[in-house]
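A short worksheet on the structure shown next.
The values are calculated or read from the model by the stated rules, or taken from the named source; none is laboratory data. Nothing here was measured: the structure is a model prediction, and the numbers come from that model. Note that each Cβ is placed from the backbone with ideal geometry, even for glycine, and that neighbours are counted across all protein chains shown. Just so you know, the surface numbers come from the protein's heavy atoms only, side chains and all, with ligands and any DNA or RNA stripped out. Shrake-Rupley method; radii C 1.70, N 1.55, O 1.52, S 1.80 Å.
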Amino acid sequence: MKRFLQLFTITFLAAWLNQSCDSNPSDLPKFVTFSEITNSQIALDSFYTQGIASVDLNNDLYPELYMTNSWEGFENHFYNNRKATHTKDTVSFKLSDKSFSNGCSFADLNNDGFLDLCLANANDKYNTVLFGNKNHRYSEHFIDTNATNWSYSIAIADADNDGILEVYISNYHSQKNMFYRLNGNQFFKIDSTAITSDTSSTLFATWSDLNNDGFQDLIVCNDSANYIFRNEGNQVFTRINNDFSIDKKMTYGCSVADYNNDGLMDVFITNWAGKNCLFKNNGNFKFEKLNIRPFNFDYHNSEGSCWGDYDNDGYTDLFVTNDGVNILYKNQEGKAFKREPFPTISDTNRNSNGIVWTDFNLDGGLDIIIANGGNQRNQIFKSSRNRNNWVKIKLEGTISNKSAIGARIIVYSGNLTQHQEVQSQSGGGCGSQKPYLLHFGLAQNRVIDSIQIKWPLSPMVTKTNLNCNSIYSYKE
């Protein structure tokens, strides 16, 4: 059957954001700085916060915020974002029980146009989904009927490219991980697959197309050896033996991005009581463990990590959270990384877990939100931006899954070529999620020469001559 691809574009130009495409705007600083917002409601809450999800729930582009708490008696936190002002909402996502929640992820599971929330719960609790509806109310359902779960993260993808999302749940305490397909609002367990056969005490998992074949592969992070599973299609997976699986560390999580702009997704893993590792993707599931500073020098109890181009130079940077001092690594054109010290971000001891880069005020500069445990306050840092330009792109599937998970966007601007995937998980530390509105730094380029959209189930689309400092939305 012939498929027709309909493309809608909604453009919010620089004037809407009171910015310009001037290659050297005099009203912006040359270098990015961060200021901690200590009077935000986010910063006034504490407890033992694990995961973070930062997504737009009401289609105004401003990302809301959900934060999990893993101690009994503590509620998870949800904050509405009203044009960059966060207000706490204790009603919309009310749970029937305190759930010891760790990982969290939003996706439109039933393709009805409303994002749903999945929660990975521990301490013998059911894993939970809250289905959204047109009234922005959420109904609680249980993903499984197993009340002995010790789950840490939830990863969502269309693993078999049928337009319907699957859910992968990571379990600790030598429990098998779980894989579910959906039919409407019902979950059906898939057992006959390699990705559910091990009892490896998994803390985190994420999906990514690692060999550019159009199928989402699976990365599983354990308290011993880590695994990569190649997606063969039709719910068949093959475990790959490579350098990624040699180290036997307690890995809290990983984050995936194309750090060197070569079109292949690379993997950074965070280890507890060990050195973290950056694995360069050399193609065909060949991963090279890079023995470079500062990764081979820093030794921390690390949990979370997240990629984002905070200085808009066209190369994605890396933030790592630790049980100690957190670290921001600046990407030096895909060739090296440099530790960047910022007051209160990287000079204070914290018990930090989840981390997301998110532009909560839509000014074109990526801000930081950190989940802290040990009854410490959570943190939000506002970016000052700099003189570099940017573009943001949001996708909506119609033939592919509604959330467009698994789609890839390629941005061409001057001498920069950048690849990003739409992902449901974007950092370790029990699982955190960046906005579905993808952010690309453009350096001093004022024009986007073209963008390409590779939909999971439709032909690739090319759009040309786009403006910088703008937001574009494309519908399949």
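Data overview
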item: Prolate/oblate/rounded label for segment 99-170 (Cα gyration tensor, a/c 1.5); result: oblate
item: Relative contact order %, the chain, counting alpha carbon pairs below 8 Å whose residues are six or more apart; result: 18
item: Sequence-distant residues sharing a close amide H with residue 359 (under 5 Å, placed H); result: 367
item: HN-Hα J in Hz across segment 274-279 - Karplus 6.51, -1.76, 1.60, θ = phi - 60°, x for Gly and Pro; result: x, 6, 6, 9, 10, 10
item: Semi-axis lengths (Å, descending) of the ellipsoid that matches the C-alpha gyration tensor of segment 314-396; result: 23, 17, 12
item: Fraction in percent of alpha-carbon pairs per bin - 5 Å, segment 34-90; result: 4, 19, 27, 26, 16, 7, 1
item: Cα Rg, Dmax (largest Cα-Cα span) when computed across segment 187-228, Å; result: 11.5, 30
item: Cβ crowding within 10 Å averaged over residues, with 318-325, 253-260, 229-236 ranked highest first; result: 253-260, 318-325, 229-236
item: Debye log10 I(q)/I(0) for the chain, one point scatterer per Cα, at q = 0.07, 0.13 Å⁻¹; result: -0.31, -1.21
item: Ordering of 122-130, 288-296, 32-40 by burial proxy (mean other Cβ atoms within 10 Å per residue, highest first); result: 122-130, 32-40, 288-296
item: For segment 76-115: relative contact order, % (alpha-carbon pairs under 8 angstrom, 6 or more apart); result: 24
item: As computed over segment 273-362, the Cα convex hull volume per residue (Å³); result: 123
item: Cα gyration tensor category, rounded, prolate or oblate, for segment 123-208 with a/c compared to 1.5; result: oblate
item: In Å, descending, principal axis extents of the Cα set of segment 139-298; result: 47, 33, 29
item: Cα-based convex hull, segment 77-124, per residue volume (Å³, whole number); result: 110
item: Rounded Å value of the spacing that divides the Cα centres of segment 126-196 and segment 419-476; result: 26
item: Histogram of C-alpha separations across segment 288-431, 5 Å bin width, %; result: 2, 9, 16, 21, 20, 16, 10, 5, 1, 0
item: Protein accessible area in segment 161-262, 1.4 Å probe - carbon and sulfur %; result: 42
item: Fraction of antiparallel bridges per DSSP, the chain only, in percent to nearest 5; result: 95
item: Cut-off 19 Å (backbone N to label point 7 Å along Cα→Cβ of residue 188), residues of segment 94-112; result: 109-112
item: Protection-proxy order for peptides 384-390, 333-339, each taking the mean of Cβ atoms within 10 Å per residue, highest first; result: 384-390, 333-339
item: 222 nm mean residue ellipticity, helices alone, for the chain (DSSP H n ≥ 4; -39,500 (n - 2.57); rounded to 500); result: 0 deg cm²/dmol
item: Solvent-accessible area per residue for the chain (1.4 angstrom probe, square angstrom); result: 37
item: Rough spin-label spacing in nm, given labels placed 7 Å along Cα→Cβ, for residue 72 and residue 87; result: 3.5
item: Extension gain (nm, one decimal) between residue 112 and residue 134, 0.36 nm per residue minus Cα-Cα; result: 7.0 nm
item: Accessible-area composition of segment 375-476, carbon plus sulfur, in percent [1.4 Å probe]; result: 43
item: Mean Cα-pair separation over length for segment 71-210, i.e. relative contact order, pairs under 8 Å, 6 or more apart, %; result: 16
item: Overall form of segment 389-465 per C-alpha gyration tensor (a/c, 1.5; a/b vs b/c); result: oblate
